[in-house]
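The values are calculated or read from the model by the stated rules, or taken from the named source; none is laboratory data. Keep in mind the model is a prediction, meaning the values are calculated, not measured. Don't worry about glycine lacking a Cβ; one is built from the backbone with ideal geometry, like all the others, and counts go over all protein chains shown. Just so you know, the surface numbers come from the protein's heavy atoms only, side chains and all, with ligands and any DNA or RNA stripped out. Shrake-Rupley method; radii C 1.70, N 1.55, O 1.52, S 1.80 Å.
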Amino acid sequence: HISVGSSAIEPNLKPMRQQEATAGVEHQFSDVISASVRYVHKQIDRAIEDTQTATLDASGSEIYIIANPGEGLAEPAFRDANGNVLATVPKPVRDYDSVEFAIEKRLQNNWFLRTSYLWSRLWGNYSGLSQSDENGRTSPNVGRLYDYPMMMFKDGGEAVYGLLPTDRPHQFKAQFIYQAPFGTALGLNQYLASGLPVTREIGIYPGNNLPVQYLGRGSDGRTPTYSQTDLLVQHRFRLGAEKSLEVSFNVLNLFNQDTAIARFSTYHQVNGVTPLGPDGSEEAFYRGQLRLADLIVSQGVTQDPRFLKDSAFQAPLQARFGIKFLF
């Protein structure tokens with residue numbers, strides 16, 4: 001945070017709560033071949049975050065309440081000039097659903113194979129304790145989402161719900177192992193997955209530049225399809241009846257692929273916009289009469305040259321050589 005005023009704890013603060021349900025079926029076709037289907041549902045019912053339910057103070061500092069977003073003191077998002085609640089804080093939503101189909105051939109006749117296809121959907125407005133909305137910032141319960149009410153809304157005054165940053169709807173995995181009779185083992189791992197959603201942001205109130213996903217989640221498509229192949233080769237040398245020497249060679253990202261895994265999503269180069277309507281308040285925004293996309297033009301915001309360009313890539317080829325003595 002750029003500037004911090006003070007914080008207080010909601011007197012009726014409740015603990016975080018989440019639920020998970022799984023169901024699956026597995027069928028064995030023979031002694032070595034089986035297939036399975038598995039369904040998983042996860043959801044968060046209540047979160048704890050530092051929330052701001054009032055405007056910035058006179059010095060521009062941010063005043064926080066440690067609370068359950070959307071409940072108690074952290075329920076109102078904006079009040080009009082008469083004190084009436086015009087918008088309420090969206091409650092945190094993080095819903096995950098997936099179906100996985102897998103076929104496995106157990107190790108027999110010197111080889112093993114497992115393949116799987118996973119369809120999944122990660123939807124909501126709360127990226128979780130790891131803050132994937134903020135590139136995985138590891139500071140739980142103090143994320144940026146609820147730091148200012150407008151950050152929870154998009155143009156049109158609508159709450160921002162959509163696909164979350166780590167959503168990959170299609171994932172394919174395959175693991176193959178071959179055990180040669182003379183002691184050499186070969187392992188291959190293949191992973192193929194959809195790209196990640198890209199969501200643009202604009203800062204509000206220059207100096208603080210609180211990020212707002214003004215066009216909604218997933219506004220700018222996805223990163224490219226991700227794939228990677230890993231290889232492991234190892235050989236065991238017998239050194240008597242009970243001792244052996246194992247030599248291994250492990251290569252991650254065998255083909256040295258450099259697929260982009262993130263794009264720079266901040267629109268402004270220095271400062272964003274001041275989102276005040278003709279009456280000097282934010283009321284027009286919550287009524288859908290003030291669009292941040294229009295303010296970017298009217299207030300002459302300079303676009304960052306990195307905007308929507310690739311900003312991070314998968315790790316390059318890594319090779320490791322190992323020796324292990326077994327006794």
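Kindly indicate which of G183, G207, G216 is at positive phi, of a type outside the set (A, V, I, L, M, F, W, C) and at pLDDT 95 or above.
Numbers: G183 fails: at pLDDT 95 or above; G207 fails: at pLDDT 95 or above.
After applying the criteria, what remains is G216.
One line per residue, one yes/no per condition, for (1) open to solvent by less than 50 Å² (accessible area, probe 1.4 Å); (2) out of contact with any Gly (no Cβ under 8 Å at 6 or more places or on another chain):
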residue: Y39; (1), (2): no, no
residue: E49; (1), (2): yes, no
residue: A81; (1), (2): no, yes
residue: A87; (1), (2): yes, no
residue: R94; (1), (2): no, no
residue: D97; (1), (2): yes, yes
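Take segment 7-20 and flag every residue that is surrounded by fewer than 10 Cβ atoms within 10 Å (Cβ to Cβ) and either at pLDDT below 90 or not in a loop (DSSP other than H, G, I, E, B) (or both). Spell out the reasoning first.
First pass over segment 7-20, keeping only residues surrounded by fewer than 10 Cβ atoms within 10 Å (Cβ to Cβ): 11, 15, 19-20.
P11, Q19, E20 - these are the residues of segment 7-20 that are surrounded by fewer than 10 Cβ atoms within 10 Å (Cβ to Cβ) and either at pLDDT below 90 or not in a loop (DSSP other than H, G, I, E, B) (or both).
Whether any residue in segment 120-141 is touching an Asp or Glu at 6+ places or on another chain (Cβ under 8 Å), at pLDDT 95 or above and small (G, A, S) is what I want to check.
yes
If you take just the strands (runs of 3 or more DSSP E) that sit entirely in segment 99-208, which of them hold at least 2 residues that are touching a residue at least 40 places away in the same chain (Cβ under 8 Å) and open to solvent by 10 Å² or more (accessible area, probe 1.4 Å)?
Correct list: 111-124, 170-179, 184-193.
Answer yes or no: is there a residue in segment 268-275 that is in a strand (DSSP E or B) and open to solvent by 30 Å² or more (accessible area, probe 1.4 Å).
No; the residues of segment 268-275 include none that is in a strand (DSSP E or B) and open to solvent by 30 Å² or more (accessible area, probe 1.4 Å).
Among the residues of segment 209-258, which ones are hydrophobic (A, V, I, L, M, F, W, C) and open to solvent by 40 Å² or more (accessible area, probe 1.4 Å)?
Initial filter on segment 209-258 (hydrophobic (A, V, I, L, M, F, W, C)): 210, 212, 215, 231-233, 237, 239, 241, 245, 247, 249, 251-252, 254-255.
Result: L215, L232, V233, F237, L239, A241, L245, F249, L252, L254, F255.
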